[in-house]
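Trainee: Provided herewith is a single structure, encoded as structure tokens, for subsequent inquiry.
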Amino acid sequence: MESLGQNADIWTNEWKGLSAESEIRMWDYFGLRPWILKYTPRFGKVLEAGCGLGRNNFYLSHLGIDISGIDFSAETIAYLQKWQKQHNYNLNFAVGDVKKLQYDDNTLSGYLSLGVIEHFKEGPQQVLVEAYRILRPGGIAIITTPNKSWNVRRTRLLGKIKKPVKKIIGREVKIQPFFQYEYTPNQLASFVEASGLTVTEKNGADFLYTFTEYGKYKGNNIHKNSLAYKISPMLDKSFFKNYGAQSITISVKKENIMHCFLCNDLSVEKKTMNEYNVPVCKKCQNLEISNFYLKKNRTGFTVKYSIRPMLLEPEERICNFCGQKYITHPLFEDFGFTKNTCTLCLTDPQINIKLSNQNLKPVWRSRR
């Protein structure tokens, strides 16, 4: 039986019910932004394998990142081509197969796979080996899947209880076609390591989303006075993060000599990876921003979520970095940062790395 998660028509219909705007406006409905922004390479070419409606591509392009996207839904890619022309973007989107990428060996600096590899019934091995192939020495892979969260475990337990009861009372027990697996952080890391990549960070996260699942994805149970809002930030910083909604791995294509994450020089020796989660050359180890990538430092939001804030209309501000006046973005608002940053400063790697590690403002809006 075909995996529903690998049926292009199902995903085409799913994306038809949404839009690039709605995906952008929901911001941190999925709480993955700290890892995406911290670890997406600022130099070289980056691919999002399974880009959907492209919200990560459009966002990261504002940080000066050279990113492309592929998806197996031809209709979705056609939509993105039309949408980006209407909104003055010129990104590379193409129909593609994540198991057979049209890139040469050792060419990309970054690879994003956000909620994709869990949909292969045969397992994610072929997809991950392909990611390893195309990454250059020192290339970074950011890979996420659904976790075996407390709510997933609760749902499965209820299903096991209901099944024999239904048989006893003579009700039909429907066999659900395969859609996806859920992997714990350790399980995901094992798959990634088997591909040849070296995992430098593995995490469970996004406890707030587990309550969204529990609330049947409507979000009515997510508000400032809710239990979900009050306890999720604490749980994300504790052992219980391993029961959050997402499993995340950051991994590196480790070679004897690698490209530096912070300056792009092909000069990083393998031994420096004992101290950092990404390749950092000797020169860049003197930079303040290199401290963000020390193994001892934690990734995650540093301030509380803003729940369902009003849309920010374009307004004039003064950039905290260059002192120039600018207008906030009509769609990306303040780019989810707590510091005012003009479009030019936003593309400076040292500035956007600092913003991504110190000044993230998590915003939760309902997806639909």
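Any read-out appearing in this document is the output of simple, stated calculations on the displayed coordinates, not a laboratory observation. From a predicted model like this one, the values you see are computed outputs, not experimental measurements. In this analysis, Cβ positions are derived from the backbone assuming ideal geometry, glycine residues included, and neighbour counts consider all displayed protein chains.
Trainee: If I model the stretch 66-123 as equal point scatterers sitting on the Cα atoms and use the Debye formula, what is log10 I(q)/I(0) at q = 0.17, 0.20, 0.24 Å⁻¹?
Mentor: Calculated log10 I(q)/I(0) at the listed q: -0.68, -0.90, -1.14.
Trainee: Using the Cα centre as the reference, give the magnitude of the dipole from point charges on the C-beta atoms of the chain (Lys, Arg: +1; Asp, Glu: -1; all else neutral), rounded to the nearest 20 debye.
Mentor: In total the dipole reaches around 1580 debye.
Trainee: So, one more: For K174, give me every one of the lysines with a C-alpha distance below 16 angstrom, ignoring sequence neighbours fewer than eight places off in its own chain.
Mentor: Straight-line reach from K174, under 16 Å: K160, K162, K163, K166.
Trainee: Using only alpha carbon positions, build the gyration tensor of the stretch 92-230, then give the equivalent ellipsoid semi-axes as the square roots of 5 times its eigenvalues, largest first, whole angstrom.
Mentor: With the √(5λ) rule applied to the stretch 92-230, the semi-axes are 34, 21, 14 Å.
Trainee: Sticking with this structure for a sec: Suppose the chain between D104 and D334 were pulled fully straight at 0.36 nm per residue; how much longer would it get relative to their current alpha carbon spacing?
Mentor: 79.1 nm
Trainee: Going by Cα centres, the stretch 264-293 and the stretch 33-63 are how many Å apart?
Mentor: 21
Trainee: Using the Cα gyration tensor of the stretch 168-241, with a ≥ b ≥ c the square roots of its eigenvalues, what is the shape: rounded (a/c below 1.5), prolate (a/b larger than b/c) or oblate (neither)?
Mentor: oblate
Trainee: Treating cross-link reach as a plain straight distance, find the lysines whose alpha-carbon is under 30 Å from the alpha-carbon of K230, omitting any fewer than eight places away in the same chain.
Mentor: Straight-distance partners of K230: K38, K148, K202, K216, K218, K241, K295, K296, K304, K339, K354, K361.
Trainee: Under 18 Å from a label point 7 Å along Cα→Cβ of N286: give me every residue in the stretch 340-367 with its amide N that close.
Mentor: Of the residues in the stretch 340-367, 350 have backbone N under 18 Å from the label point off N286.
Trainee: Further question: Please build a GNM for the chain, connecting alpha carbons under 10 Å apart, and tell me which residue among I168, I134, I67 fluctuates the most.
Mentor: I168
Trainee: First check a/c for the stretch 4-304, with a ≥ b ≥ c the square roots of the eigenvalues of its C-alpha gyration tensor; if it is under 1.5, answer rounded, and if not, answer prolate when a/b is larger than b/c or oblate otherwise.
Mentor: Note, shape of the stretch 4-304 comes out prolate.
Trainee: Could you give the spread of the C-alpha atoms of the stretch 304-363 along their three principal axes, from largest to smallest, in whole angstroms?
Mentor: 30, 25, 15
Trainee: Also: GNM on the chain, C-alpha springs below 10 Å: top fluctuator among A194, A94, A228?
Mentor: Result for the chain, Cα springs under 10 Å: A194 fluctuates most.
Trainee: Let me ask another. Let's test the formula: R0 of 45 Å, r as the Cβ-Cβ distance of Y217 and L344. What FRET efficiency results, to the nearest 0.05?
Mentor: E(calc), rounded to 0.05, equals 0.70.
Trainee: Between I231 and A74, what's the calculated FRET efficiency when r is the beta-carbon distance and R0 is 45 Å? Round to 0.05.
Mentor: 0.55
Trainee: Another question about this same structure. Among D206, D265, which comes first, second and so on when ranked by fewest other beta-carbon atoms within 10 Å?
Mentor: Least crowded to most crowded, the residues run D265, D206.
Trainee: Same structure, new question: Among S267, S238, S232, which comes first, then next, by fewest other beta-carbon atoms within 10 Å?
Mentor: Ascending number of Cβ neighbours within 10 Å: S238, S267, S232.
Trainee: With everything on Cα atoms, drop me the angle between helix 125-134 and the longest principal axis of the chain, reported from 0 to 90° to the nearest 10.
Mentor: 10
Trainee: Right, another one. Neighbour counts of other C-beta atoms within 10 Å: give me C345, C260, C51 arranged from fewest to most.
Mentor: C345, C260, C51
Trainee: Related question: With an 8 Å Cα cut-off and a minimum separation of 6 or more residues, compute the relative contact order for the chain in percent.
Mentor: 19
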